[in-house]
Amino acid sequence: MKWQSPIAPGLSWYQATLAERPTYPQLDGSTSADVIIVGGGFTGLQAAYQLAADGVDVVLVDAARFGDGASGRNGGQLGTGQHWWPEEMEHKLGKARSLAFFRMAEDAKSHLLDFARAQKIDIDFTPGQLSVAHKRNMEYTYRHHAEALAERYDYPHLSFMSKQETAERLGSSHYYCGLRDIGTGHIHPLKLLAGTAKAAAKAGARLYEMTKALNIDRADGRIAVETERGTITADRALIACNGYIQEHLEPKTAAKIMPIRSFIAATTRLPKALKILPGCESVDDSRFVVRYFRKAPTGELLFGGREVYSADDPKNVSKHLHRQIVQVYPQLADIDITHAWGGSVGITLPRRPLVDEIMPGVTSIGGFSGHGVMLSNYCGKLYADEIAGRSQDLGLYRDLEIPAFPGGERLRKPLLFLALTWFALRDLI
């Protein structure tokens, strides 16, 4: 029987193409550890692996199965840098900090690929990414971005594409120009997630699925995480729930990380004669409500695009995504969709990751705003590195000011929906 996630809609193509997805037990009774981690996505599992490899006694719990959240259901694109382009971050944070964040993202990229090789996890890595412009007046910005990365950030892997080259590489004339990045690529995220869980368990981490954390508190110098089937006490705690954070568990984080729904559809295998994405790069476009797509190694088109800024799941996801596919690729009007699924992506107001000490000994990490494949994994590693005294790089994120979304608990989501809907309408102008 196919597993249907209780926290995210639809059966994913990733799940359908994963040869093995081990299950892990529920916590049964109370226990203690050096570190308790809440959240079994990339951040939590990578932290659990690194901590256990260092000899730290670590317990990790997740309310669903590992991979049911965004880590196992996302677009699989690694990207380059942070959410904001480096030249944009220079204006906000200064050149030195912008350069430090760019180098961190490059380290994150290298770490992900090195970790997968070292653990012998076949993540279907495919090189190349195209970032394409849906408006004619973006040509100067795209040209300048490629020049800035080469000249000021020592990143020579980005090149500007004319409208003709963009059309040839996409197999579509829908976009006006673009950038080609040969220094990154895309992966099968659920394979990485499942492999990371196996590595963490082998290293000695105690992993529990279907174990919901109900409350977290500090008493007598220890952290206590209450679950439905027992209480875990520890010296430290990591909250790594990202877009699935609950107000009752940790209200400070929930005020700063907002979940948005994003959806992906998988088609049947594309006819080779159509020459769609002949270089097999992944694609993201310049819309505020971004469209992102790529061709799987086996030939299916994986197309994401319809975001919903609320917790509600829209009906007829396949229908809406098929319409967007045909806008980009009219030649696929008769293509069949085999899978459609969604999940919650965690965003912050400034679209920068959140690393926050919510109480002594308790760290909360999340809000990667669409750049979590690399950064969430790496932040898990950096959390373990900080405990071991190897690195203080996590402090780069901790020093960022991440305000709460306005409106309080009651009005926060309606206000976000209105604001982001307005931005989405600007995509049409």
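The values are calculated or read from the model by the stated rules, or taken from the named source; none is laboratory data. These numbers were taken from a predicted model, which means no experiment stands behind them. Positions of Cβ are backbone-derived with ideal geometry, glycine not excepted, and every protein chain shown enters the neighbour counts.
Condition (residue is polar (S, T, N, Q), out of contact with any Gly (no Cβ under 6 Å at 6 or more places or on another chain), in a helix (DSSP H, G or I) and over 28 Å from residue 391 (Cα atoms)) applied to segment 115-130: is it met by at least one residue? Looking through segment 115-130, none of the residues is polar (S, T, N, Q), out of contact with any Gly (no Cβ under 6 Å at 6 or more places or on another chain), in a helix (DSSP H, G or I) and over 28 Å from residue 391 (Cα atoms).
In this structure, does residue 326 turn out to be farther than 19 Å from residue 71 by Cα, of a type in the set (A, V, I, L, M, F, W, C) and surrounded by fewer than 20 Cβ atoms within 10 Å (Cβ to Cβ)? Here the answer is yes, as residue 326 does meet what is asked. Just to be sure I understand the filter: pairs with C-beta atoms under 6 Å, separated by 6 or more residues or on different chains, first member in segment 196-218 and over 19 Å from residue 236 (Cβ atoms), second member in a loop (DSSP other than H, G, I, E, B) and among the small types (Gly, Ala, Ser). Which pairs pass? Qualifying pairs under 6 Å: 212/63.
The criterion of at least 2 residues that are more than 28 Å from residue 220 (Cβ to Cβ) is met, among strands (runs of 3 or more DSSP E) falling completely within segment 337-394, by 337-347.
Candidates are the residues of segment 283-321 that are modelled with pLDDT of 95 or more and either farther than 30 Å from residue 141 by Cα or more than 23 Å from the chain's Cα centre (by Cα) (or both); the one that is surrounded by the most Cβ atoms within 10 Å (Cβ to Cβ) is 300. The conditions are (1) within 17 Å of residue 209 (Cβ to Cβ); (2) assigned to a strand (DSSP E or B); (3) of a type outside the set (Phe, Trp, Tyr), and residue 8 fails exactly one of them. Which is it? Among (1) within 17 Å of residue 209 (Cβ to Cβ); (2) assigned to a strand (DSSP E or B); (3) of a type outside the set (Phe, Trp, Tyr), residue 8 violates only (2). Given the condition surrounded by fewer than 24 Cβ atoms within 10 Å (Cβ to Cβ), modelled with pLDDT of 95 or more, among the aliphatic types (A, V, I, L, M) and part of a loop (DSSP other than H, G, I, E, B), answer yes or no: does some residue in segment 51-60 qualify? Within segment 51-60 (the criterion being surrounded by fewer than 24 Cβ atoms within 10 Å (Cβ to Cβ), modelled with pLDDT of 95 or more, among the aliphatic types (A, V, I, L, M) and part of a loop (DSSP other than H, G, I, E, B)), the answer is yes, since at least one residue qualifies. For segment 396-408, the set of residues classified as touching a residue at least 24 places away in the same chain (Cβ under 8 Å) and surrounded by 11 or more Cβ atoms within 10 Å (Cβ to Cβ) consists of 396, 397, 398, 400, 402, 404, 405, listed by residue number. Return the residues of segment 107-121 that are under 14 Å from residue 187 (Cβ atoms) and more than 20 Å from the chain's Cα centre (by Cα); say none if nothing qualifies. Once the filter is applied, which keeps residues that are under 14 Å from residue 187 (Cβ atoms) and more than 20 Å from the chain's Cα centre (by Cα), segment 107-121 yields 117, 119. Only one entry of 91, 83 meets the criterion of being surrounded by fewer than 24 Cβ atoms within 10 Å (Cβ to Cβ), assigned to a loop (DSSP other than H, G, I, E, B) and not polar (S, T, N, Q), and that entry is 83.
Residues that are under 30 Å from residue 177 (Cβ atoms), at pLDDT 95 or above and under 17 Å from the mean Cα position of the chain (by Cα): does segment 237-249 have at least one? Scanning segment 237-249, I find no residue that is under 30 Å from residue 177 (Cβ atoms), at pLDDT 95 or above and under 17 Å from the mean Cα position of the chain (by Cα), so the answer is no. Quick check on segment 271-282. Is at least one of its residues under 29 Å from residue 174 (Cα atoms), under 18 Å from the mean Cα position of the chain (by Cα), assigned to a strand (DSSP E or B) and in contact (Cβ under 8 Å) with a residue 60 or more places away in the chain? Within segment 271-282 (the criterion being under 29 Å from residue 174 (Cα atoms), under 18 Å from the mean Cα position of the chain (by Cα), assigned to a strand (DSSP E or B) and in contact (Cβ under 8 Å) with a residue 60 or more places away in the chain), the answer is yes, since at least one residue qualifies.
Total residues in segment 119-136 satisfying the condition of being loosely packed, with under 14 Cβ neighbours inside 10 Å and at pLDDT 95 or above: the figure is 2. Looking only at segment 218-260, filter to residues that are within 18 Å of residue 27 (Cβ to Cβ) and among the acidic types (Asp, Glu); which one of those is surrounded by the fewest Cβ atoms within 10 Å (Cβ to Cβ)? Out of the qualifying residues, it is 228. Considering only segment 252-282, state which residues are touching a Lys or Arg at 6+ places or on another chain (Cβ under 6 Å) and at pLDDT below 95. 263, the sole residue that qualifies.
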